[in-house]
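All remarks here apply to the structure that follows.
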Amino acid sequence: MGPKVARLDLPHRNPCFTGREAVLEHLQKALSKHRRVALTGLGGVGKTQTVLAYAHQRLEAYTHVCWVDAASRETLTSGYIRLAGLLKLPTPGGQSSTQTVDSVKQWLASHQGWLLVLDNADDLGLVREFLPSGNCGHVVLTTRAWALGALAQSIEVQKMGHEEGALLLLRRAKRIPEDALLEAADPIDQARAKEIATQLDGLPLALDQAAAYLEETGCRLVDYLQLYRQHAPELLRRRGALASTRARWFETLLCYLHFWRRHARKLLRQGGVLASDHPDAVASTWVLSFEQIERASSAAAELLKLCAFLHPDRIPEELFVEGAPELGPALKAVGSEALAWNNALSEILKYSLLQRDTNAGTLEVHQLVQAVLKARMDAATQRRWAKRAVRAIARAFPSVEFSNWARCERLLPQAHAAMELINEWGLEFPEAARLLNRAGFYLSECARYPEAEPLYRRALAIREKALGAEHPDVAQSLNNLALLYRAQGRYPEAEPLYRRALAIWEKALGPEHPNVATALENYAFLLRVIGRPDDAAPMETRARAIRAKSC
């Protein structure tokens, strides 16, 4: 039996904590080399629970384990005052809170073997004031801040994989014992739990919230999946339903003050009031961050809103530059000026709501962040941002030449996201059709025909509605779709499209336009493939004559 460890305000171990072995190992190794380490990442990704698990696992390695909420100056000060009492430090009458904080810092600077956890340490400038000098113990921060400089060694906490997330869900929902492996669950439940973990994109707080719902309602996993697909915003806003009426009344009353709003449950427990064991809902975890960004920078807030309507992974930064004219005054200014762009991004990165890969020149946003951002917008606002996103992607998507293929591939996920927005909001304007036509053409050139077809077909439908059935752009869509069908051997479907494209171009552009020659050549090639050379020959002769005149 090792020496007794003083646990100073250390929360209880989470019996459902799951996985994170690699992060825990990384944290242990980092602390052996660096006295200060920070777990960084998106709110709700599990930073607090991970360092709490580390503290409980490594209790015997420390003489004292101290836990302080670092969300504000008030919580830090009150936490250090409590530590002074637990450490039995002398606090003469009339001593100010600042003097008490200094006493705790001096104790930490002069004693060996302690662990100090500063949880929710998002204001790094504030946290610096409370850090002890020297290297006598270990300090671990949990923070959404991205740029730590020399303050601490950074370890990023990523979202969970689908198997790890499924295990957390099943344990927390009490569908399997707390120490059981995933294989202990029914195979069907395993599959459904993995689907839920995928839908929630591996965010531990969201998984915990879903598990709380499953536990409280007795809902089947398959039914929760259906509910989530239909009512995601409501479920993301939902808290556990077990809090007492009195606790809820207190939470409502105190929500007007940031400090009380953020720490109501802890204070209510200290006062003897039973509060829910469930964490804050996913939506409320991020709302304060959104509000702070909005106050700090309108451009940053609009950048985040736009990202809610894009494909979440590997968003090319050039999209914001090339699409800037479509994004409104604030983002137009940011997209055209590198310093303003970096300033706007830095406001968001403070809260880890976006991740930036500077080498790849891409951004990434969590799917649940997107869902919560959208839930805060009314339908008119959502439609406006969906429209802007489609127009920006259309402007950024390059012409389909071989030299542009890498750029096309890079923007292809955004083109697919635009297709979803077009269908969801009925965005039937010519730029939307141009984007879908270009993306379909790129896919067709790469022989990815099944992917190209729905894009081509939707582009055709938009052009027919927006431009009229006899517009030259409609002929272009018909011609491209016919080429796709011909490449797949679907000759009967291709022929009427070629015939219609030829008729439109002849009428709209004149019988000797180069586009007419293109239509004649394509149609003639098809006729030869299907064994009708006599019909093909006069078309080929006419096409040659048009080409000769245009040279």
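Condition check ((1) without any contact (Cβ under 8 Å) to a residue 60 or more places away in the chain; (2) under 14 Å from the mean Cα position of the chain (by Cα)) across all residues:
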residue: E302; (1), (2): yes, no
residue: N342; (1), (2): yes, no
residue: S346; (1), (2): no, no
residue: L353; (1), (2): no, yes
residue: T362; (1), (2): yes, yes
residue: V369; (1), (2): no, yes
residue: K374; (1), (2): no, yes
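If you check S103 against the conditions, is it more than 24 Å from S346 (Cα to Cα), surrounded by fewer than 17 Cβ atoms within 10 Å (Cβ to Cβ), touching a residue at least 12 places away in the same chain (Cβ under 8 Å) and among the hydroxyl-bearing types (S, T, Y)? Considered against the rule, which asks whether it is more than 24 Å from S346 (Cα to Cα), surrounded by fewer than 17 Cβ atoms within 10 Å (Cβ to Cβ), touching a residue at least 12 places away in the same chain (Cβ under 8 Å) and among the hydroxyl-bearing types (S, T, Y), S103 comes out as no. Look at region 14-28: where a residue is modelled with pLDDT under 85 and a partner is surrounded by fewer than 17 Cβ atoms within 10 Å (Cβ to Cβ) and in a loop (DSSP other than H, G, I, E, B), sitting 6+ places away or on another chain with Cβ atoms under 7 Å, you get P15/E178; C16/E178.
The rows are residues; the columns are (1) in a helix (DSSP H, G or I); (2) at pLDDT 55 or above; (3) within 22 Å of L368 (Cα to Cα).
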{"position": "H263", "(1), (2), (3)": "yes, no, no"}
{"position": "P279", "(1), (2), (3)": "no, no, yes"}
{"position": "W286", "(1), (2), (3)": "yes, yes, yes"}
{"position": "I293", "(1), (2), (3)": "yes, yes, yes"}
{"position": "E302", "(1), (2), (3)": "yes, yes, yes"}
{"position": "D313", "(1), (2), (3)": "no, yes, yes"}
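Within region 293-325, can you find the residues that are basic (K, R), out of contact with any Ser or Thr (no Cβ under 7 Å at 6 or more places or on another chain) and surrounded by fewer than 21 Cβ atoms within 10 Å (Cβ to Cβ)?
Of region 293-325, the ones basic (K, R) are 295, 305, 314.
From what is left, the residues that are out of contact with any Ser or Thr (no Cβ under 7 Å at 6 or more places or on another chain) are 295, 305.
Residue satisfying the conditions is R295 alone.
Listed by first and then second residue, the pairs linking a residue in region 448-473 that is on the phi > 0 side of the Ramachandran plot to a residue that is assigned to a helix (DSSP H, G or I) and surrounded by 15 or more Cβ atoms within 10 Å (Cβ to Cβ), with Cβ atoms under 8 Å apart and 6 or more places separating them unless they lie on different chains, are G468/V474.
Looking at region 154-170 only, could you name the residues that are of a type outside the set (S, T, Y) and surrounded by fewer than 24 Cβ atoms within 10 Å (Cβ to Cβ)? Steps first, answer last, please.
Of the residues in region 154-170, the ones of a type outside the set (S, T, Y) are 155-170.
Residues satisfying the conditions are I155, E156, V157, Q158, K159, G161, H162, E163, E164.
Do you know which of the residues in region 350-370 that are modelled with pLDDT under 85 and assigned to a helix (DSSP H, G or I) is surrounded by the fewest Cβ atoms within 10 Å (Cβ to Cβ)? Looking at the filtered set, the residue picked out is Q367.
How many residues are free of Cβ contacts under 8 Å to residues at least 40 places away in the same chain and either in contact with a strand residue (DSSP E or B) (Cβ under 8 Å, 6 or more places away or on another chain) or in a helix (DSSP H, G or I) (or both) when one looks only at region 507-522? Quick ask: steps written out before the conclusion?
Taking region 507-522 first, the residues free of Cβ contacts under 8 Å to residues at least 40 places away in the same chain are 507-514, 516-518, 520-521.
Among the residues that remain, those that are also either in contact with a strand residue (DSSP E or B) (Cβ under 8 Å, 6 or more places away or on another chain) or in a helix (DSSP H, G or I) (or both) are: 507-509, 514, 516-518, 520-521.
Total satisfying the criteria: 9.
Only residues that are outside any strand (DSSP E or B) and either touching a strand residue (DSSP E or B) at 6+ places or on another chain (Cβ under 6 Å) or small (G, A, S) (or both) were counted in region 128-159, giving 10. Against the test of being of a type outside the set (D, E), part of a loop (DSSP other than H, G, I, E, B) and either in contact with a strand residue (DSSP E or B) (Cβ under 6 Å, 6 or more places away or on another chain) or closer than 22 Å to A439 by Cα (or both), the options F320, F309 yield a single qualifying residue, F309.
Among the residues of region 385-428, those identified as surrounded by fewer than 16 Cβ atoms within 10 Å (Cβ to Cβ) and farther than 18 Å from R438 by Cα are E424, G426.
The values are calculated or read from the model by the stated rules, or taken from the named source; none is laboratory data. None of these values were measured; they are calculated from a predicted model. FYI the Cβ positions are ideal-geometry reconstructions off the backbone, even for glycines, and counts take in every protein chain you see.
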